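First comes the structure, then the notes that go with it.
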Amino acid sequence: MGVLTFSACGTSKKHTLHDVPPHAPSVPRKILCDGAGAVRLIVYLGCADRITGVEQIEIDHSQRVPYRIAVPVLRELPVTGESHGRLNIEAILSLKEKPEQIFRSKNTNSGIDSETLQSRTGLPVTDFQYGDLGKNRETLFDSLRLLGKELGVPERAEEVIAFIEKNIQEIHSRCPNLPEDKIPSVFLGGLSFRGTHGFASTSSLYEPFEWAKARNSVSSENSMPGEQMMVTREQILAWNPDFLFLDLATADVQGVNGIEELRTDPIYRELKAVKNGNVFALYPNSSYQANFEARLINAWFIAKTLYPKEFADVEINSKAREIFQFMTGVSVLDSASEFLREQAFQPIQLETRP
């Protein structure tokens with residue numbers, strides 16, 4: 001039997017094929033992943049070494065996507081398609097290391113349908129929904145269990161699920177129960193979604209605000225709920241939140257990004273959070289679907305920022321390394337870009353510029 005050298009996340013143990021019970025059904029030793037977030041979940045399960053080819057979008061040399069930092073060999077694998085289901089059948093069939101199964105994240109309807117993909121490659125295709133950490137959390141957990149079962153690592157799937165739940169519950173339980181008028185109001189700016197955006201890109205469904213018992217300014221009766229939405233500068237000023245949190249992925253925007261907007265736009269300068277120095281940087285939340293480990297870490301940071309007394313014992317960089325290590329097998333933060341290491345989980349300096 002071969003050996004999967006990717007380390008079991010959060011432990012010193014190695015996942016090997018011998019981890020599979022001797023009487024368990026046959027599990028694939030070589031696989032392909034397709035669709036937004038598919039590779040990420042395989043990394044969480046400690047099975048990255050089984051991947052024999054990747055979509056073009058995974059050949060990303062940026063040092064901010066956690067699972068790609070944790071498994072840099074992904075960038076060296078053959079390319080088998082573009083993204084979101086747009087696979088290249090010929091490239092799959094010509095792979096030197098022949099995959100035995102395809103795991104496909106079905107979050108869009110683009111690309112080759114699964115039946116056609118299975119027919120043309122001769123490979124079984126397992127479809128799953130990516131889910132999220134909010135109302136579709138059970139969808140995510142069901143998918144982790146499905147993948148864990150088919151890959152022969154069901155225990156690891158349960159460990160990941162338990163770890164996510166434990167972090168969410170601990171954050172939520174530490175935060176004080178305040179009267180509605182005492183709950184800090186917050187706004188998330190620069191949220192990436194199918195690309196990077198400026199400060200006005202936000203979400204009314206940002207789960208870390210809920211766990212940290214913060215009042216998301218966007219989640220009002222007049223707002224349509226959405227994972228990502230664009231709002232106007234004037235509306236942000238009308239909300240005038242107590243704290244601003246900025247997704248550092250906005251720094252990748254060509255031209256004027258979210259940080260520069262806060263520094264130079266006269267409307268944003270009027271925000272009380274800007275005037276009071278309550279603008280803080282978050283680790284990028286998304287890249288080809290949500291970075292779940294980053295959202296857990298961001299939630300810890302948001303909670304500590306809003307309620308420093310209740311989280312006085314939490315050192316954020318240590319907590320970040322712990323979560324990255326468990327979820328991806330690597331502490332990640334020390335290998336992230338210099339910009340992220342210096343800026344994430346810090347106040348954003350917004351010196352007035354002429």
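The values are calculated or read from the model by the stated rules, or taken from the named source; none is laboratory data. None of the values given here were measured: they were computed from a predicted structure. Reconstructed Cβ throughout: ideal geometry from the backbone, glycine too, with neighbour counts over all protein chains shown.
Assorted remarks:
- Of the residues making up the stretch 312-343, those that are modelled with pLDDT of 95 or more and either polar (S, T, N, Q) or within 21 Å of L262 (Cβ to Cβ) (or both) are N317, S318, Q325, T328, S331.
- Unmet requirement for E227, which otherwise passes all of (1) among the charged types (D, E, K, R); (2) farther than 20 Å from Q346 by Cα; (3) modelled with pLDDT of 90 or more: (3)
- The stretch 64-82 residues that are not assigned by TED's automatic domain parsing to the domain that holds C33, paired with ones that are part of a helix (DSSP H, G or I) (beta carbon under 6 Å, 6 or more apart): none
- Meets criteria (in contact with a His (Cβ under 9 Å, 6 or more places away or on another chain), in the same structural domain as T202 (by TED's automatic domain parsing) and within 22 Å of I316 (Cα to Cα)) for A249: yes
- Scanning the stretch 296-305 for residues that are surrounded by 22 or more Cβ atoms within 10 Å (Cβ to Cβ) and touching a residue at least 24 places away in the same chain (Cβ under 8 Å) gives L296, I297, N298, A299, W300, F301, I302, A303.
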